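Let me begin by presenting the structure, written as structure tokens, before commenting on it.
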Amino acid sequence: MRIVFVISRLKNGGAEREVAAFANELADMGEEVHIVCTKDEKDEYEIDGRVHRHLLHPARWSIPKMRKTCNKLAMAAQLRKIHADVILEFLVRHDYYVQLILASLFSKTKLIYTVRISPGGCVPNEMERLKNRLTFRFADGVWIQTEDQKQFYPRWIQKNMFEVRNILAPIFLQIEREKREQIVHFISAGRLHPQKNQKLLIEAFERMIRKTGNTSATLTIYGTSQKNYRWAEDELRELVEQLGLQDRVFLPGRAQDIGAKYAEADAFVFGSDYEGMPNALMEAMAEGLPCISTDCPTGPSVLIESGKNGLLVPMGDVEAMACAMQYLIENPQEANRLGRAARQTMKEWGTPRELAEQLFENLRRLCS
């Protein structure tokens, strides 16, 4: 089967990581796999040599509309040249949807739309809603990460949906953590973006140390902001200064080896307002960290059964997050138990090959 993933770039993101992981596994299974990127940026995730990599070189027109038109035509030409059996769309700008639809409309090519985040957390404008309806109308299938995501769509769309979970990189299950005698160092990871609500984590941490008088706990948040959201990172840094937490809360940027950072930490905290399937939370659980997460729409509640293998707190609730942090600090044995249970959950998640085979079976069913 000739399978094409279309994505803006292979850099700095959970969806990008999943494209690389699934493409590599499918290529290893003997399928012909292509990745088409719409932006000229250096790859961050390793791609198997058997995967065909295509880059749409951006047109150099000074007039934006002409540049966009040329890029759209380049995508259409590239997709026609590949003659794909299946096109999988990942976080591509709405501007390119018409080209994706046309690539499948007058051919045997099947178009698969992917849902990567919970629509419950997004408030699209009227034009975006119209484009979404158009895309779903012409899609042959919709790939979701959790069954919970179905609730945001009408039944006529749900009929075309199939679930395949995210791939967890095996390396996170290979790292062994020692038992912690005390919980001191909290960690979080993810792009610095309003969706991730790191502001909640900082405010909860400050409230926790103010209530308890704790003098040793720290909070480190790994991640960077995208160009359009530099202000979000600036706001977080300003908040740290306003609360006088410069020596307790750290924003060191992106970690080169996040697995090693998880291994050094004592607990993981996650404050998102909405998610699809959060890779950072999956990875932290796989390494055996006791995890606290907001119970945001889709994702965390699939991974965590509160009190059994982690703690869930109401979305946006600073007091509840502060209390959960305090609970782990005051109950290190319970924190260790939650961490072991979290690791066991991820051991049962499914291997990359099993998940890739599950995706392939769904694609083959749609093609037949």
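Values quoted throughout were computed directly from the atomic coordinates according to the rules given, and no laboratory measurement underlies them. Everything numeric here is computed off the predicted structure, so don't read it as measured data. As a convention, Cβ positions derive from the backbone with ideal geometry for all residues, glycine included, and neighbour counts pool all protein chains shown.
Of note:
- Potential extension, Met1-Gln182 segment - 0.36 nm per residue separation minus Cα distance: 59.9 nm
- Gained length - Asp28 relative to Cys367, 0.36 nm times residue gap less alpha-carbon distance: 120.0 nm
- Values of log10 I(q)/I(0), in the order q = 0.14, 0.21 Å⁻¹, for region 200-339 under a Debye, Cα-only, solvent-free model: -0.64, -1.55
- Efficiency of FRET from Cβ geometry, Ser216 and Lys159, R₀ 56 Å, rounded to 0.05: 0.55
- Subset of Lys11/Lys308; Lys81/Lys347; Lys39/Lys196 violating a 29 Å alpha-carbon distance limit: Lys11/Lys308; Lys81/Lys347
- Reachable aspartates and glutamates from Lys179, criterion Cα separation under 14 angstrom, eight or more residues apart if same chain: Glu264, Asp266, Glu287, Glu334
- Residue-averaged 222 nm ellipticity for the chain, from DSSP H runs of 4+ at -39500 (n - 2.57), nearest 500: -13000 deg cm²/dmol
- Close amide H contacts of Gly276 (hydrogens built in the peptide plane, cut-off under 5 Å, sequence separation of 5 or more or a different chain): Ser118.
- Look at the dipole of region 171-347 built from charges on Cβ: of Thr298, Val249, Ala341, the Cα furthest out on the positive end belongs to Ala341.
- Proxy reagent accessibility, fewest Cβ within 10 Å first, across Val6, Val240: Val240, Val6
- In this structure the amide hydrogen of Phe250, modeled in the peptide plane, comes within under 5 Å of the amide hydrogens of Leu219, Thr220, Ile221, none closer than 5 places in sequence on its chain.
- Among Ile202, Ile175, Ile304, the largest mean-square fluctuation in a Gaussian network model of the chain, built with springs joining Cα atoms closer than 10 Å, belongs to Ile175.
- Taking the longest Cα principal axis of the chain as reference, the axis of helix 14-28 is set at about 60 degrees.
- Taking θ as phi - 60° and the Karplus parameters 6.51, -1.76 and 1.60, the scalar couplings of region 84-89 work out to 6, 7, 9, 10, 10, 8 Hz in sequence order, x denoting glycine and proline.
- Alpha-carbon radius of gyration plus Dmax, which is the widest Cα pair, for region 275-368 in Å: 15.9, 57
- In plain terms, the chain from Leu239 to Lys108 could stretch by 41.8 nm, reckoned as 0.36 nm per residue minus the Cα-Cα distance.
- Working from Cα pairs under 8 Å separated by at least six residues, relative contact order for the chain is 16 percent.
- Shape call, region 308-360: gyration tensor on alpha carbons, a/c limit 1.5: oblate
- Percent of beta bridges antiparallel (DSSP, the chain, rounded to nearest 5): 0 percent
- Amide H contacts under 5 Å for Val313, placed H, 5+ residues apart: Ser293, Thr294, Asp295
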